[in-house]
There are 2 protein chains.
Amino acid sequence: MSEDQFDVVVVGAGLSGLSAARRLQKRNPQLSVMVLEARDRVGGRTVSKDLPAANGVDQWDMGGQWVSSSQTHVMELIRELGLEVFPQYTEGKKVHHVGGPHAKIKMYTTSMPSYSPLTLLDFTQVLRRIDHLTQTISVEDPMSSPNAELYDGMTLHTFMEKHIWTTQVKEELALCSRIVFGLEASQVSFLFFLMYSAAAGGTLRLLETTPGSGQEFRVKGGTQQLSEKLVEQIGKERVRLGAAVTTIYQVTTPSALGSPQIRYEPALPAERQRLTQCLPVGHMTKFIITYPTAFWKEKGFSGEIVARPSEDCPLSVTFDATSPRGNPALVGFITGVQARDWCDRKMEERRDGVISSLVKYLGPEASTYIHYEEKDWAKEEWSGGCPVNVMTPGMLTYYHPSLRKPFSRIHWAGTETATQWCGYIDGAIQAGQRAAMEVLAQMCPSSLSREELDAVRASLKHSDPKKGSKCKSSKCYYLFGMVMTAAALVTAYLLAKPELGFQWT
Amino acid sequence: MSEDQFDVVVVGAGLSGLSAARRLQKRNPQLSVMVLEARDRVGGRTVSKDLPAANGVDQWDMGGQWVSSSQTHVMELIRELGLEVFPQYTEGKKVHHVGGPHAKIKMYTTSMPSYSPLTLLDFTQVLRRIDHLTQTISVEDPMSSPNAELYDGMTLHTFMEKHIWTTQVKEELALCSRIVFGLEASQVSFLFFLMYSAAAGGTLRLLETTPGSGQEFRVKGGTQQLSEKLVEQIGKERVRLGAAVTTIYQVTTPSALGSPQIRYEPALPAERQRLTQCLPVGHMTKFIITYPTAFWKEKGFSGEIVARPSEDCPLSVTFDATSPRGNPALVGFITGVQARDWCDRKMEERRDGVISSLVKYLGPEASTYIHYEEKDWAKEEWSGGCPVNVMTPGMLTYYHPSLRKPFSRIHWAGTETATQWCGYIDGAIQAGQRAAMEVLAQMCPSSLSREELDAVRASLKHSDPKKGSKCKSSKCYYLFGMVMTAAALVTAYLLAKPELGFQWT
């Protein structure tokens, strides 16, 4: 255990934690900031890896990979750091294999598969209904939205059962939950789904590759660079890797003299504890397959496949992942119930299942790959899953106010706390910056403008003001590997005196 | 770290773990068994405490306290251990304050409050509907029940919204969820609710004090004695307190000679990991108030109060808790949303809120108590809450097979895994005995009869047979304080060779 002292300690060197550290430093260079990261690398749920490719070795993202022109926080960071984006490749036929066990494989080049008139009608009516509801949601304070309690008391699955007429569209929505959250529709609160859609500016944005949608651009050289370049700016000496925080003591020194310090280790408020108890994280394995040639393009395919779960097909969705340097590749995801069924098998079985599905959808050339690489985020000790922690029914209703509510000198970041593009890279950055502003507002308000101070106050307003946190007796462990949402979520700071002790290993 | 070796290590000295240890010993006295308990006491969620009372000091249960004639496992254990039960006192007027913010306080002595004809009709139809559904449920394999996926995809709240017409009955059911689970109806899978009711032999049994119901009897001297007396039988030297298991290594020794052992620490299968990720535990504070006289009996009250949540009333339900030696007391629960609203306040505030509610319902004598004692089980590091872990929607659908499925040489006990009176003391004993039988069936099948071996096989049949657990690379931490269901859940054993290593602190 080190005895160093800092003004602010950031727990987690993902995009949220690093954005918070950078913002603090920028606004007040006098502050001493230390970032502690459990892993031996920075980037959290973004990680880029060298893989064997057509022309030697090239880089691919094994975690978060897409950004969008509508994601202002990440686009600004990309500009600041001198990085470049390039569009997701989408030209050509898309493969669509959805609609019950006897569904036929469909190909389409338009924005939507060719549905029967009834299916199309159903699809349109349900999207319109969701869209309408999404527009009534306050992301900052979801419980103030109309019918909030009702919608939080039901699952996305219940909504689907009630408002969708056709099996085809039910399966489309089930796929949507699986692809977006890594979880099945029965596991997600409907209000949470609406809030998540609202934070992205609409449900379709979660799914599409069109301008403004979530899958619009990729980052040249990979998204982990965002974190690596932030570390360069912050200073390598201010980011400690392999430092897992195990305990946060919030210690008050009695005003009396040399008597042994009384050390309180206050537990988090019950509301916060229970919130983190029921935020299941998505289950997603990402794979990248490199090829000698982009045979799918040559055959007129875009590389996009959407497939229903079946016994012999592990994948839910794939896209073209050819690198900016022209090395052909496909990217895809094994997710939700498919992750459950495939994740405990041997890698070789999963790989063969993926390849044979690709052969079925794109042709025999799919079997002549150079390299198959996969990453099951559920097996990452400090993430537990990917892409995001969702809320089960009743969580928003009862515990939402504690989501961003500071606990004494502990402030919360992480993409799950974002109000714009919650769950995305962009949300991670927004949340980190917001947490930094909260800390600055308390430590050195003069470093903020009046408008910024007002914004901090407005953001904190939604945290239930009627209850303080008064329990002072039990232990407070921040076991980040187990509490799934914790990575990059804690921003804590020391006031002038060393009143806040961290233990790391 | 000790280097002792045992045939079977039982993790957790609650009723499930101790019942498992006792069963193992009884059936095969040659087996060396060690019980490891993180706390400095045995009994898990049962704990008895001396409190100041009318005649000096007397004992009350601060955890699980009721047993029933229909609970065969616990009743048999009580007989074996030479303990006695006595009936829950129920004579006199019951207080009922339910039915919207303007509800009037009602008194009744029948089995049900006097409802309006419409309310009564509504109550009857919904109970009949639930009862009918409960009878279709297979507790052993809930997913084989009719409409299982539909019911697991919805919350108890969704069912209520759909099938209850009156506010009054909606509030009754909400109270039922709060009292039985310590959670709100929107947080509980409807299929889980049906399974839980079925395991108890019907929904009303979860609520009533009638013969065969869950609140029929109390145990003279307290329920913790069950565990203490089990320890006497097992042998004190075979139960180690203050021994928190942190890691379970399942190590295989390579057949080659003196080369450094390869140590595998296999993670739990993903299914099991995800199941434990979303089993929120109830939120319940229990209080005991001792009085110089049982003034409520003198005034014709039974001591039973059922109250809707309101800003100034923390309690959901109370009962008479007068001791077998005649020391007057009341017992009550702060639970669900009321626990959320009151648990972070000072004890004195909660106490005063409880007392002033009792004054309102039972009269001014309620303020002249001798002692107020409370226990918030959410603040117990090794329980995290009380009375039981429930399943959120979608958990049964996707992860139920892993509930009782052994992982290599690790077997699962705990009341959450019971098929009779799941969540109760009785279920804890049943589950412990079942886990012991599984271990015996593998280690020394000759100690079981053919019928017993068949029963073990039948019970394991419901664990999905199609997938093995093949991941061998990541770390396996049994952090019992954080994984809420783990206390008393792991029964592990060593085969002839010391292949299974435990680390405890």
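A few remarks follow.
- For the stretch B:117-157, a residue qualifies if it is part of a helix (DSSP H, G or I), within 11 Å of another protein chain (Cβ to nearest Cβ) and in contact with a Gly (Cβ under 8 Å, 6 or more places away or on another chain), and the qualifying residues are B:152, B:157.
- Just one residue in the set B:126, B:98, B:139 is touching a residue at least 40 places away in the same chain (Cβ under 8 Å), touching a Lys or Arg at 6+ places or on another chain (Cβ under 6 Å), surrounded by 11 or more Cβ atoms within 10 Å (Cβ to Cβ) and not polar (S, T, N, Q); that residue is B:98.
- Residue in the stretch A:438-470 that is modelled with the lowest pLDDT, counting only those that are within 14 Å of chain B (Cβ to nearest Cβ) and closer than 22 Å to residue A:195 by Cβ: A:465
- Test for residue B:51: is it within 20 Å of residue B:233 (Cα to Cα) and among the hydrophobic types (A, V, I, L, M, F, W, C): no
- Exactly one residue out of B:357, B:302, B:310 is modelled with pLDDT under 95, of a type in the set (S, T, N, Q) and over 23 Å from the mean Cα position of the chain (by Cα): that is B:310.
- Restricting the stretch B:142-158 to residues that are polar (S, T, N, Q) and surrounded by fewer than 20 Cβ atoms within 10 Å (Cβ to Cβ) leaves a set whose member that is farthest from the chain's Cα centre (by Cα) is B:147.
- For residue B:186, the conditions (1) closer than 27 Å to residue B:320 by Cβ; (2) crowded, with 23+ Cβ neighbours inside 10 Å are fulfilled apart from (1).
- Qualifying residue in the stretch A:224-239 (condition: more than 30 Å from residue A:31 (Cα to Cα) and among the small types (Gly, Ala, Ser)): no
- Wholly within the stretch A:1-70, strands (runs of 3 or more DSSP E) carrying at least 3 residues that are touching a residue at least 12 places away in the same chain (Cβ under 8 Å) and in contact with an Asp or Glu (Cβ under 8 Å, 6 or more places away or on another chain): A:48-53, A:56-61
- Looking only at the stretch B:200-215, and only at residues there that are of a type in the set (A, V, I, L, M, F, W, C) and within 14 Å of the chain's Cα centre (by Cα), the one that is farthest from the other protein chains (Cβ to nearest Cβ): B:200
- When the stretch A:382-408 is filtered for residues that are within 8 Å of another protein chain (Cβ to nearest Cβ) and within 16 Å of residue B:183 (Cβ to Cβ), the ones remaining, listed by number, are A:392, A:393, A:394, A:395, A:397, A:398, A:399.
- Candidates A:103, A:38: the one that is within 30 Å of residue A:305 (Cβ to Cβ), out of contact with any Cys (no Cβ under 9 Å at 6 or more places or on another chain) and among the hydrophobic types (A, V, I, L, M, F, W, C) is A:103.
- Flag if residue B:435 is touching a helix residue (DSSP H, G or I) at 6+ places or on another chain (Cβ under 7 Å), closer than 17 Å to residue B:12 by Cα, buried (at least 21 other Cβ atoms within 10 Å of the Cβ) and at pLDDT below 90: no
Each row is one residue, and each column tells you yes or no for (1) within 14 Å of the chain's Cα centre (by Cα); (2) in a helix (DSSP H, G or I); (3) under 23 Å from residue A:278 (Cβ atoms).
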site	(1), (2), (3)
A:160	no, yes, yes
A:169	no, yes, no
A:172	no, yes, no
A:175	no, yes, no
A:179	yes, yes, yes
A:186	no, yes, yes
A:191	no, yes, yes
A:194	no, yes, yes
A:198	no, yes, yes
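- Filtered residues of the stretch A:356-371 (kept if under 16 Å from residue A:286 (Cα atoms) and either free of Cβ contacts under 8 Å to residues at least 60 places away in the same chain or surrounded by 19 or more Cβ atoms within 10 Å (Cβ to Cβ) (or both)): A:357, A:358
- Selection count, the stretch A:438-457, where residues are surrounded by fewer than 23 Cβ atoms within 10 Å (Cβ to Cβ) and either under 21 Å from the mean Cα position of the chain (by Cα) or touching a residue at least 60 places away in the same chain (Cβ under 8 Å) (or both): 4
- In the stretch B:161-183, the residues that are surrounded by fewer than 24 Cβ atoms within 10 Å (Cβ to Cβ) and of a type in the set (Gly, Ala, Ser): B:174
- Only one of the numbered conditions (1) surrounded by 18 or more Cβ atoms within 10 Å (Cβ to Cβ); (2) away from chain A (no Cβ under 14 Å); (3) charged (D, E, K, R); (4) outside any strand (DSSP E or B) is not met by residue B:304, and that is (4).
- In the stretch B:55-80, of all residues being among the β-branched types (Val, Ile, Thr) and surrounded by 24 or more Cβ atoms within 10 Å (Cβ to Cβ), the one that is nearest to residue B:22 (Cα to Cα) corresponds to B:74.
- In the condition set (1) touching a Pro at 6+ places or on another chain (Cβ under 8 Å); (2) within 13 Å of chain B (Cβ to nearest Cβ); (3) surrounded by fewer than 24 Cβ atoms within 10 Å (Cβ to Cβ), residue A:346 is compliant with all but (1).
- Pairs are defined by a Cβ separation below 7 Å, a sequence spacing of at least 6 or placement on different chains, a first member in the stretch A:158-183 that is within 11 Å of chain B (Cβ to nearest Cβ), and a second member that is part of a helix (DSSP H, G or I) and among the aromatic types (Phe, Trp, Tyr); the pairs so defined are A:158/A:190; A:159/A:190.
- Just one of the listed residues (B:379, B:375, B:360) is over 30 Å from residue B:462 (Cβ atoms) and facing chain A (nearest Cβ under 8 Å), namely B:379.
- Identity of the residue in the stretch A:159-210, of a type in the set (Phe, Trp, Tyr) and touching a Gly at 6+ places or on another chain (Cβ under 9 Å), that ends up nearest to residue A:102 (Cα to Cα): A:181
- Any hit, the stretch B:317-335, residues being within 14 Å of chain A (Cβ to nearest Cβ), crowded, with 21+ Cβ neighbours inside 10 Å and of a type in the set (A, V, I, L, M): yes
The values are calculated or read from the model by the stated rules, or taken from the named source; none is laboratory data. Just so you know, these numbers come straight off a predicted model, no measurement behind them. For neighbour counting, all protein chains shown are included, and Cβ atoms are generated from backbone atoms with ideal geometry for every residue, glycine included.
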